[in-house]
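*Asks:* Let me begin by handing over the structure; questions about it come next.
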Amino acid sequence: MTDTSALVKRAGELADADQLDEALNLCNQVLYLEPDNFKALFCAGSVLMKAGKHVHAVQLLKRVCELKPNDCRGWGQLGLCYGEFHRYDESIALTEKALSLRREAKTLSDAAYAHINAGNWDKGATLARQALLLDPNLLDARLHLTNYALATQDWRPGWAGYRQTMGTKYRKEWVYGDTQEWQGEPDAVVMVTGEQGLGDEIMAASVVPDAAKAAKAFILDCDERLESIFRRSFPNAIVTGSRRSATVRVPVQPTHHKTLFGLCELFRNSNAEFPRKPYLVARDDYRAMFRALCEEWGRGRPVIGLAWSGGLPRTGQDVRKVGPAAFAPMIRRGDAVYVSLEYRDDAADVAEFERSTGLSIKRLPWVAQGRDMDVLAAFLANLDEVIGIHTSALHLSSALGVPTTVITHRGSGWRYAPEQMLWYPPTTVMHKKQPGESWRDCVARLVELRKIAA
């Protein structure tokens, strides 16, 4: 007779060791014999979450809650799963259901996650502190407080906590040979690796000028799409666009290493340490090419770039779909020319918008949807303004010093929680979507605020 309890226990051990396929296979063996085995369903759902397969995980976890409605574990895990879908209210309700069933460090921490993820910073921090009173070593609770510290610009403890995320799938640490982690030694040849998404890499690169001056030699290993503009903008750095490649070739052997955000531990520990100046430079010849085009389009009117979507499924793609129709109140005023900065195929969106409203949005897909950030940067540098949801184009326009309005929503993360984005010049401002507000109402409110400011 098969010992299903032993199989589930082994599956949990394999999951902890990141052997996810093997763990799931064992769970499947148990569920073949016992389709309603609570522990196997819970383990399988947790493994699927760890593998990023949340659509499948949520179905198993719902069954877990049906089988044992008074067990906090199913509700808590289901709440975490809904949080990954960016369904904030459901995530909060589910984790608080788990907390009502059993008040312990884990349920407190899960509820803290749901609130932090939704942008309820103070509530989330309170719950995380309560979790740590019960279990001072609970890593998840400490990470929730890290996000809170960064969101509230308490930089020193924030960066100290952020260090604990190194080694996760989104923050890999690259060690080159026998290099040591850089702690600011002036005689160091430092190899710095970019990290996370393209927008994150552009934002974090604002620290490069300060860091490059502090080392004997400074090497920046970045996304290949940013290599050219980074090389031009950071003349004191050796720039290579190989961070996503298996091999790296540099003209000098590094003695130390650091991640791009890791540099902030050394150079961004107070608001005063953010210089708030443009730090990227567009190509002059490309700028000249686009200048004539923008002048022809505008004919004396401002030319404004619009971005109405952003992100990937794991970074809140669905909740970042503003849509061009939301900008109709702004475009209808007729005092500017608008051009799409959508990085995905926007032909259908624009055609439907123009058909339904009679208004027009210009398109330049070979620029906005291309991989050459030098081309996009030169185009952005000729725009009078950029407006839209937070996405790479808005990070790029901000770093160039182009007046930029970043529209954010609840759950946008610690980078967008403060009232100002200190990484960029004051020409970048934020406009936050209010609870219960539609995207159309959010943009309409922006239009009214701009009328008042004018």
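*Asks:* What does the accessible area per residue of segment 113-159 come to in Å², with a 1.4 Å probe and no ligands, DNA or RNA counted?
*Replies:* So segment 113-159 comes to 46 Å² accessible per residue, rounded to a whole number.
*Asks:* Another question, if that's okay. Taking only C-alpha pairs under 8 Å that are 6+ residues apart, what is the relative contact order of segment 322-386 in percent? Display every interim value, and only then the final one.
*Replies:* Details: 52 pairs, mean separation 20.0, N = 65.
The normalised contact order for segment 322-386 reaches 31 percent.
*Asks:* With a cut-off of at most 16 other beta carbons within 10 Å, and DSSP calling the residue loop, which trypsin sites (Lys or Arg not before Pro) in segment 3-59 qualify? Please list them.
*Replies:* LYS53
*Asks:* So with the 1.4 Å probe, I'd like the accessible area per residue for segment 324-454, rounded to whole Å².
*Replies:* Ligands and nucleic acids excluded, the result is 40 Å² per residue.
*Asks:* Between ASP335 and ALA246, what length in nm is gained on full extension when 0.36 nm per residue of separation is reduced by their alpha carbon distance?
*Replies:* Numbers: separation 89, 0.36 × 89 = 32.04 nm, distance 4.97 nm.
Residue separation times 0.36 nm, minus the Cα-Cα distance, leaves 27.1 nm.
*Asks:* Separate question: Tell me the per residue accessible area of segment 1-104 using a 1.4 Å probe; a whole number in Å² is fine.
*Replies:* Computed with neighbouring chains in place, this is 54 Å² per residue.
*Asks:* Also: Expressed as a whole percentage, what fraction of the accessible surface of segment 244-382 belongs to carbon and sulfur atoms when a 1.4 Å probe is rolled over the protein heavy atoms?
*Replies:* Exposed carbon and sulfur together represent 51 percent of the surface.
*Asks:* If I model a spin label at LYS277 and PHE38 as a point 7 Å from the Cα along the Cα→Cβ vector, what separation in nanometres do I get?
*Replies:* Placing both labels 7 Å beyond Cα along the Cβ direction yields 6.3 nm.
*Asks:* Compute the FRET efficiency between ASP284 and ASP135 as 1/(1 + (r/R0)^6), taking r as their Cβ-Cβ distance and R0 = 60 Å, and round to the nearest 0.05.
*Replies:* Efficiency, from the Cβ-Cβ distance: 0.55.
*Asks:* Report, to the nearest whole %, how much of the accessible area of segment 43-156 belongs to carbon and sulfur atoms, 1.4 Å probe, protein only.
*Replies:* Ligands and nucleic acids excluded, carbon and sulfur give 50 percent.
*Asks:* How long is the gain from ALA292 to ALA17 if the chain were fully straight, where each residue apart is worth 0.36 nm and the alpha carbon distance is subtracted?
*Replies:* 93.2 nm
*Asks:* Relative contact order of the chain: what whole-number percent is it, with Cα pairs under 8 angstrom and at least 6 residues apart?
*Replies:* 12 percent
*Asks:* Grab the Cα-Cα distance for ARG301 and THR357, subtract it from 0.36 nm times how many residues apart they are, and report the gain in nm with one decimal.
*Replies:* On the way: separation 56, 0.36 × 56 = 20.16 nm, distance 2.07 nm.
Value of the extension gain: 18.1 nm.
*Asks:* Could you list which residues have their amide H under 5 Å from that of LEU220, counting only those 5 or more apart in sequence or on another chain, with H placed in the peptide plane?
*Replies:* Here VAL192, ILE238, VAL239, THR240 satisfy the definition.
The values are calculated or read from the model by the stated rules, or taken from the named source; none is laboratory data. It should be emphasised that the depicted structure is a prediction, and the values quoted were computed from it without experimental measurement. A quick note on method: Cβ atoms are made from the backbone with ideal geometry, for glycine too, and the neighbour counts reach across all protein chains shown. Areas reflect the complete protein model, heavy atoms only, side chains present, ligands, DNA and RNA absent. Shrake-Rupley method; radii C 1.70, N 1.55, O 1.52, S 1.80 Å.
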